[in-house]
């Protein structure tokens, strides 16, 4: 108002300030978004320093939570820097807060297996799982008929979240099943194909 009273044309000045304000706002938009995301992380605590998390296809241990970025240390050793705003827009899996691990795996047996052998499989699997510490058996079922195998589905729980412990348990189960199946004469299936040859006269080839 003072400049206008002095005779200056302030229309151009006001227009310039308006354009400049819009430009500054757009430039600060991402920065302010990351700052508010950092505040949300501090208050909501979806993860903390030391937690192992996966964000989309990225995985690593949280090393630092800053005002603009969060830094992860990947399993292969490199540091991953993520904008806080991008983190909160993604699906975050926090494995540090896992209480137990549910494990599902399948077994494929030979089509030459007898009904008695197939009926024995759930019991053998249950014994192999329950022989391992920190486990809880859930089920083992003859799931269906595969292209080259008779398929069983097994589900059990590892009652501790440690990944290395889970791998030890699965290894122990696998070795126990190899021994038990060998003793029962049960064979594991592998990809195979049976070819039948027929003569032109329709007779089966020898």
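Quick note: the coordinates plus some simple rules give every number you see, no bench work behind them. Treat the numbers as computed from the prediction; the structure is a model and nothing was measured. Neighbour counts run over all protein chains shown; Cβ positions are idealised from the backbone, glycine included.
Have a look at the range 149-202 and give its Rg and Dmax from the Cα atoms, expressed in angstrom.
19.1, 65
Tell me, 41, 80 in order of fewest to most beta-carbon neighbours within 10 Å?
80, 41
For the range 101-184, count all C-alpha to C-alpha pairs, find those more than 16 Å apart, and express that count as a whole percent of the total.
50
Give me 167, 98 sorted ascending by neighbouring Cβ count inside 10 Å, so fewest comes first.
In order of increasing Cβ crowding within 10 Å: 167, 98.
Please arrange 162, 51, 34 by counting, for each residue, the other beta carbons lying within 10 Å of its beta carbon, fewest first.
By the 10 Å Cβ count, ascending: 162, 51, 34.
What does the convex hull of the Cα atoms of the range 116-163 come to per residue, in Å³, rounded to a whole number?
88
What's the Cα-based Rg to Rh of the range 46-85, Rh via Kirkwood?
We get a ratio of 0.91 for the range 46-85.
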